[in-house]
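The values are calculated or read from the model by the stated rules, or taken from the named source; none is laboratory data. Keep in mind that what you see is a predicted model, and the values were worked out from it rather than measured. Here Cβ is always computed from backbone atoms with ideal geometry, including for glycine, and neighbour counts include all displayed protein chains.
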Amino acid sequence: MSLRTRLLAAFAYVLVLVIVALEVPLALNLSRRVDAEVKSEAQSQAALIASTVSGRLGNGRELERVLAGTARDLGGRVIVVNARGRLLADSAGEGLESSSYASRPEIADALRGRAAQGTRHSDTLGEDLLFTAVPVLRNGQTAGAVRVTQSVDDVQSEVRTDVLALIAVGVVALLLGLGVAWLLAGSLAEPLRGLARTARRVAGGDLEARAKPEGSSEQREVAAAFNEMTGRLGRSLRAQREFVANASHQLRTPLTGLRLRLEAAGLRTDDPEVRRQLEAAERETERLAHLLGQLLSLAREPDGGTGERLLLAEEAESALGRWEGPARSSGHELEASGHDGAAAEASRADVAAMLDNLIENALNYSPAGTSVTIETGGDAAWVWFAVCDRGPGVSPEEGERLFERFYRGSGSTGTEGTGLGLAVVEALAKRWSGEATLRNRDGGGARAEVRLPAAGLPTPDRQLDEALPGGG
Ligand SMILES: Nc1ncnc2c1ncn2[C@@H]1O[C@H](COP(=O)(O)OP(=O)(O)OP(=O)(O)O)[C@@H](O)[C@H]1O
Ligand SMILES: [Mg+2]
């Protein structure tokens, strides 16, 4: 679960708690207040009717008229009874007139001079009813009673509407709160994501990458500590590289001296055994020189300056020239194929070193009598050169390990080598933003490939120069 989701969940939980704690008592209070208001309103209406009818108790027609008007206004039923509880008038009609209501508790209360109020469910009407009964006073005596009966459904639906409005307010508050939480969580998570991106760049070899100090003070502290660590790592790695480069460089001069002396000693002796030993020693110095060369290639800065636009087919052709002799002696047929347009931006020495290492491997690890091909090609984005052989290929378990420094594959027994060749090729390919791969070919053999970003077409000026007589 992401940090953002966790924070949102925590916010939602707290918001829901707060909203429920605030709104539930509010809704209860609201319904109680509406209820009380309706009841007191009904009571004052009933009292008003009682005072209106107090002088007209004997006049049935007049009573009916007053009741019809007030019942319409109230939206309920109004009845008037005399002091003995007999019905004098009913807004609902005349059919029930003169029946006795004295046994109804609210009427009995009113006839005793007390106002009464209550609710009851009417099965015939199928709704809850609020009834309010008040005494009708004449000359300080109870001369009858008025009872008003109203449906409370309207009141309840009004309370429901108010509660729904409260819920809506709660939902809006929740959504607003979650919106704010979303932004806040984003501002917390983004610096962490930035730090992760930078860490990945550093892991990928970019030791100049630095985390942006942003976010809270703690997050800035982490970024600063991370940057300090990367800085130290970069410095110590650079120091190590410089040491290897210096040591390799310093060893070269005495090694050349040693080789020259061995050569000279070989020329001076007539003893064939001594000469054989001296020649073997010379080969050892050559191996040592090769190893120092590889170490120097690895130790050079990863961003090795600016390159030049190289046509890969031309570089393959020069490599062919360099390796024709060795290929002939090892019994291989070496050839180059590919299209002429593929160009990359790189240093000529680096491309030559990559090709040399790959061709050396192909000759070393494929049997005599087979062919080795240097292929070049590319598309709009990438160009590549590949050295293909018909040897045993590589075992899938070894895969990436073959590119590790000083790692020699299971198929390398019996051949000389240090296990640095592919590591050098990979380092040089990365230096020019490319990559190196070693795969098996269909039909047997290995295909070692280096892909580099395409350097595009030559500029129009250059094309024109090349097209002109004497140009190119
Ligand atoms: N064309 C190939 N066919 C089969 N195996 C190969 C091929 N190229 C490389 N390998 C395997 O990969 C291993 C690593 O190659 P790498 O060039 O790094 O070292 P090396 O050739 O052993 O020594 P050196 O440092 O002299 O090149 C080799 O030991 C070999 O087992
Ligand atoms: Mg090699």
Worksheet item: Which one of these is within 30 Å of Ala12 (Cβ to Cβ) and not hydrophobic (A, V, I, L, M, F, W, C): Gly204, Gly215?
Response: Gly215
Worksheet item: Taking only pairs six or more apart or across chains, which ones have beta-carbon atoms under 7 Å, a first residue in segment 403-418 that is small (Gly, Ala, Ser), and a second residue that is more than 12 Å from ligand 2 (Cβ to nearest atom)?
Response: Gly409/Val394; Gly409/Glu398; Ser410/Ser395; Ser410/Glu398; Gly411/Pro392
Worksheet entry | Residue check for Asp162: surrounded by fewer than 17 Cβ atoms within 10 Å (Cβ to Cβ) and in the same structural domain as Leu7 (by TED's automatic domain parsing) | no
Discussion item. Every residue in segment 415-438 that is within 10 Å of ligand 1 (Cβ to nearest atom) and either loosely packed, with under 15 Cβ neighbours inside 10 Å or hydroxyl-bearing (Ser, Thr, Tyr) (or both), please.
Written reply: Thr415, Glu416, Thr418
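Under the condition of being under 36 Å from the mean Cα position of the chain (by Cα), charged (D, E, K, R) and outside any helix (DSSP H, G or I), which residue from segment 429-443 is nearest to ligand 2 (Cβ to nearest atom)?
Only one residue fits best here, namely Arg439.
A quick yes/no check of all residues on (1) assigned to a helix (DSSP H, G or I); (2) within 16 Å of ligand 1 (Cβ to nearest atom); (3) more than 47 Å from the chain's Cα centre (by Cα):
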{"site": "Glu221", "(1), (2), (3)": "yes, no, no"}
{"site": "Thr230", "(1), (2), (3)": "yes, no, no"}
{"site": "Leu233", "(1), (2), (3)": "yes, no, no"}
{"site": "Ala239", "(1), (2), (3)": "yes, no, no"}
{"site": "Glu242", "(1), (2), (3)": "yes, no, no"}
{"site": "His249", "(1), (2), (3)": "yes, no, yes"}
{"site": "Asp270", "(1), (2), (3)": "no, no, yes"}
{"site": "Arg275", "(1), (2), (3)": "yes, no, yes"}
{"site": "Glu286", "(1), (2), (3)": "yes, yes, yes"}
Response to the item:
Filter segment 349-369 for residues that are outside any helix (DSSP H, G or I) and more than 10 Å from ligand 1 (Cβ to nearest atom); the one that is surrounded by the most Cβ atoms within 10 Å (Cβ to Cβ) is Pro367
Item to complete: Say whether the condition of being within 22 Å of Arg283 (Cα to Cα), within 14 Å of ligand 2 (Cβ to nearest atom) and charged (D, E, K, R) is met by at least one residue in segment 420-428.
Response: no
Worksheet entry | For Arg276: the one exception among (1) loosely packed, with under 13 Cβ neighbours inside 10 Å; (2) within 25 Å of Gly456 (Cα to Cα) | (2)
Discussion item. Just the residues that are among the polar types (S, T, N, Q) and near ligand 1 (Cβ under 6 Å from one of its atoms), please, taken from segment 393-414.
Written reply: Ser412
Practice prompt. Go over the candidates Gly369, Gly378 one by one and state the one that is of a type outside the set (S, T, N, Q), closer than 26 Å to Glu324 by Cβ, touching a strand residue (DSSP E or B) at 6+ places or on another chain (Cβ under 6 Å) and modelled with pLDDT of 90 or more.
Written response: Gly378
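So in segment 386-414, with the set limited to residues that are among the hydroxyl-bearing types (Ser, Thr, Tyr) and away from ligand 2 (no atom under 12 Å from the Cβ), which one is surrounded by the fewest Cβ atoms within 10 Å (Cβ to Cβ)?
Step one: filter segment 386-414 for residues among the hydroxyl-bearing types (Ser, Thr, Tyr), giving 395, 407, 410, 412-413.
Cutting the leftovers down to away from ligand 2 (no atom under 12 Å from the Cβ) gives us 395, 410, 413.
Working: Ser395: 12, Ser410: 10, Thr413: 7.
The selected residue is Thr413.
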Discussion item. Looking at segment 209-242 only, could you name the residues that are surrounded by 13 or more Cβ atoms within 10 Å (Cβ to Cβ), under 30 Å from Leu296 (Cα atoms) and polar (S, T, N, Q)?
Written reply: Asn227, Thr230
Discussion item. List pairs: first residue in segment 304-330 and under 30 Å from Gly369 (Cα atoms), second residue of a type in the set (Phe, Trp, Tyr) anywhere in the structure, Cβ distance under 7 angstrom, at least six positions apart or on different chains.
Written reply: Leu312/Phe385; Ala316/Phe385
Response to the item:
With the first residue restricted to segment 81-96 and required to be within 12 Å of Arg61 (Cα to Cα), and the second required to be modelled with pLDDT under 90 and assigned to a loop (DSSP other than H, G, I, E, B), Cβ contacts under 6 Å at 6 or more apart or on different chains are Asp90/Leu96
Practice prompt. Can you give me the number of residues within segment 370-387 that are near ligand 1 (Cβ under 9 Å from one of its atoms) and aromatic (Phe, Trp, Tyr)?
Written response: 0
Discussion item. Looking only at segment 391-409, count every residue that is within 19 Å of Leu428 (Cβ to Cβ) and of a type outside the set (D, E, K, R) and tell me the total.
Written reply: 4
Worksheet item: If you check Gly414 against the conditions, is it out of contact with any Asp or Glu (no Cβ under 9 Å at 6 or more places or on another chain) and farther than 21 Å from Ala454 by Cβ?
Response: yes
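Residue-by-condition table, conditions (1) at pLDDT below 85; (2) surrounded by fewer than 20 Cβ atoms within 10 Å (Cβ to Cβ):
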| residue | (1), (2) |
| --- | --- |
| Val80 | no, no |
| Gly85 | no, yes |
| Glu94 | yes, yes |
| Ser99 | yes, yes |
| Arg112 | no, yes |
| Asp123 | yes, yes |
